[in-house]
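For reference, the structure discussed in these notes is given below.
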Amino acid sequence: MTTCTLEARDVTKRYGDGEAAVVAVRGVSLRVEPGEIVLIMGPSGSGKTTLLSMLGALLRPTAGTVSLDGTVLSELSEGRLPDIRLHRFGFIFQDFNLLSALTVWENVAIVAELAGLRGRAARERATAILTELGLGARLDFLPDRLSGGEKQRVAIARALVNDPALILADEPTANLDSAIGHEIMRLLRGIAKEQGRSVVIVSHDQRIRDIADRVLWLEDGAFQDEIALAVDPVCGMSVERERAASATRDGALFYFCSRGCRAEFLNGPPSA
Amino acid sequence: MLLATRNLARDRTRLALSVTGVALAVMLILLLGGYRAGIYRQTATYLDHVPGSLVVVERGVRDFLGTNSILPPGAAQAAATTPGVARVVPVLSQSAIVELHGRKQLALLIGYEPGRGGGPWSLATGREPAADGEVVIDRVMASEHGIGLEDRITILDRGETVVGLASGTSLWIGSLVFARASTIEALVRAPGARSFLFLTPAAGVSPDALRLRLAIPGADAILKSDMIAADQRLLARVYDTAIGLMTAIAFLVGVLVVGLVVYTATVERRREYGAFKAIGARNRVLFRIVALQALVAGTAGAALGTLLAVAAGWLLVAWRPQFPVAIEPSAVVLALLASVAMAVLAALVPARAMARLAPAEVFR
């Protein structure tokens, strides 16, 4: 794997024209360094998925550029993008999106074959990655016989099989319970820190903050000041410090999404 | 290939539906083609069996089955004395309604001169007519009407005795009825009349050379192969449009069945294919998957359809021998090509859906 740097400059995505136009992403700039985990959070409809699609060369920006090690992806012809996606990016989807007719190892091997690996070599590589991810006993299973966590690990294996430098994950823990979610987070961290890959995650899941090197808050299509964010200790929502209600307890300052949460916090038992 | 076959195998009901759809379409195409080939074969059956490669006909007549021909008096003698003629088979033919146990049927009466040729070539039972008032009729016609040897049938208001049953003498316009030429002369009240002379050229004389040499007033000489072709053109005017239309409908039904099945299978897996495309699969990879699914269904359907057509053709001939079905190897090859064409056409719409699939949709 060759490390690389992904950079978005003043990226804007507009859908439609004239009065009906909707700007999903407006003037966003972002640089992802090798081995870095970047978490993009924000409310629904804030433009996170649109931004991730543009970073992964799945969608062209209306304005601005997305570049990978200096190559401007948004200027490449459609015919060149599949190869870039196949070799440089690994995608992890919220709904796993495994091919339901293929077994676990076939789901991974077929992506290696797309990249040019043939027959046994593709199978061996798929088997090795799957075994490393703890799926050695599930190689011949069809996806519908797997748990959610296992499906997501297959999806991670599929994302890794062509040894990409960048992993783009869309809500990777959304359909998983807490324990499995942590396991996936641990895997993603290992992918970044042990293997040196860059990982960009779009999620609502606050737990992922724990593994992120950087958390960006996207709202109305633009990044907000990330320093101003805090987590409501009652409901777990991310809130902007400047606008949020706050309270002090035991010498510490807390921020809340609403007065209700603040009242609940203040009326609750003192923290240990 | 793997994904295409696995997708098909996962939905067995759908696969069975598409294979059955193609099989029925191919069976219908083969049966219709086989029936057409069979009646074309029947059309030529008499001319194929009568000796000679050249036919002397009344001037202007070009076919055997569609037009009455009456040769001018002396034509047979003139032909027989033409240098280069080895053999002359004179025949008097006439379409007529035959009354069989109260039911009427069209028949082609063939009057021939025993010992000179032109009579039945394969008798299932009985003997050739030895005297006036005796006839040989087609075995299938006899069986349909419950007629046996020594039974009396009415032809043009005269009673005749059946003395033989011939095989392979059913035609699309009716059956052949053989009698001595004098019997038919009496029936059509045309003493001494002859419709055709079938000529065999002498050794070393080509049919074309003999044709140019023949000069019989009021008569033409044509190649027997041209006469067969003229009969088949006549048949084509009657049958080909209808058979062609039914074949086209069967083909269309096959395309629609495979198309619908593959399209549904594609749309159902839209999200999976979208993810595959997002990961880096090119459109051509996805097209190949769709086309292979259609091809597998089409080829399996064609194989099954061919077996069904052969079985159905055999049953049809056994049940109704007058409906000939001749499924020829070339027709099977054509049906296979038709099934491939069905598959390719059927894959077009789903392939278009694949091409329009935006990979970014998979994140939504």
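The values are calculated or read from the model by the stated rules, or taken from the named source; none is laboratory data. On a predicted model such as this, the values are computed, not experimentally measured, just so you know. In this analysis, Cβ positions are derived from the backbone assuming ideal geometry, glycine residues included, and neighbour counts consider all displayed protein chains.
Assorted remarks:
- Members of region B:349-363 that are away from every other protein chain (no Cβ under 13 Å) and in contact (Cβ under 8 Å) with a residue 24 or more places away in the chain: B:Val349, B:Pro350, B:Ala351, B:Ala353, B:Met354
- Odd one out for B:Pro329, checked against (1) buried (at least 20 other Cβ atoms within 10 Å of the Cβ); (2) without any contact (Cβ under 8 Å) to a residue 60 or more places away in the chain: (1)
- Filter result (touching a strand residue (DSSP E or B) at 6+ places or on another chain (Cβ under 7 Å) and more than 23 Å from B:Gly119 (Cβ to Cβ)) within region B:79-98: B:Gly84
- B:Thr154 in contact with a helix residue (DSSP H, G or I) (Cβ under 8 Å, 6 or more places away or on another chain), touching a residue at least 12 places away in the same chain (Cβ under 8 Å), surrounded by fewer than 17 Cβ atoms within 10 Å (Cβ to Cβ) and not in a loop (DSSP other than H, G, I, E, B): no
- Tabulated pairs, region B:14-40, first farther than 15 Å from B:Gly301 by Cα, second assigned to a helix (DSSP H, G or I) and among the charged types (D, E, K, R), C-beta under 8 angstrom, 6+ apart or interchain: B:Arg36/B:Asp240
- Subset of region B:242-271 [of a type outside the set (A, V, I, L, M, F, W, C) and more than 14 Å from every other protein chain (Cβ to nearest Cβ)]: B:Gly244, B:Thr247, B:Gly254, B:Gly259, B:Tyr263, B:Thr264
- Residues of region B:208-227 satisfying the condition of being surrounded by fewer than 18 Cβ atoms within 10 Å (Cβ to Cβ) and part of a helix (DSSP H, G or I): B:Asp208, B:Ala209, B:Leu212, B:Arg213, B:Ser225, B:Asp226
- Residue check, B:Val85 touching a Ser or Thr at 6+ places or on another chain (Cβ under 7 Å) and among the β-branched types (Val, Ile, Thr): no
- Some residue of region B:259-268 being charged (D, E, K, R) and either closer than 20 Å to B:Val50 by Cα or touching a residue at least 24 places away in the same chain (Cβ under 8 Å) (or both): no
- For region B:167-179, the criterion of being under 27 Å from B:Leu65 (Cα atoms), touching a Phe, Trp or Tyr at 6+ places or on another chain (Cβ under 7 Å), touching a residue at least 40 places away in the same chain (Cβ under 8 Å) and not small (Gly, Ala, Ser) is met by at least one residue.
- Wholly enclosed strands (runs of 3 or more DSSP E) of region A:28-142 bearing at least 3 residues away from every other protein chain (no Cβ under 13 Å): A:37-41, A:63-68
- Cross-chain or 6+ apart pairs with Cβ under 6 Å, region A:64-75 first and touching a residue at least 24 places away in the same chain (Cβ under 8 Å), then of a type in the set (Asp, Glu): A:Gly64/A:Asp10; A:Ser67/A:Glu7
- Checked against (1) surrounded by 21 or more Cβ atoms within 10 Å (Cβ to Cβ); (2) within 14 Å of chain A (Cβ to nearest Cβ), B:Gly301 passes all but condition (2).
- Index of the failed condition, B:Leu65 passing every other in (1) closer than 14 Å to B:Asp220 by Cα; (2) within 23 Å of the chain's Cα centre (by Cα): (1)
- One residue alone among B:Ile228, B:Ile243 is under 34 Å from the mean Cα position of the chain (by Cα) and either in the same structural domain as B:Pro329 (by TED's automatic domain parsing) or without any contact (Cβ under 8 Å) to a residue 24 or more places away in the chain (or both), and that residue is B:Ile243.
- A:Arg158 being within 20 Å of the chain's Cα centre (by Cα), surrounded by fewer than 24 Cβ atoms within 10 Å (Cβ to Cβ), within 28 Å of A:Ile37 (Cβ to Cβ) and within 14 Å of chain B (Cβ to nearest Cβ): no
- All positions within region B:133-151 that are surrounded by 15 or more Cβ atoms within 10 Å (Cβ to Cβ), on the phi < 0 side of the Ramachandran plot and not in a strand (DSSP E or B): B:Arg139, B:Val140, B:Met141, B:Ala142, B:Glu144, B:His145, B:Ile147, B:Asp151
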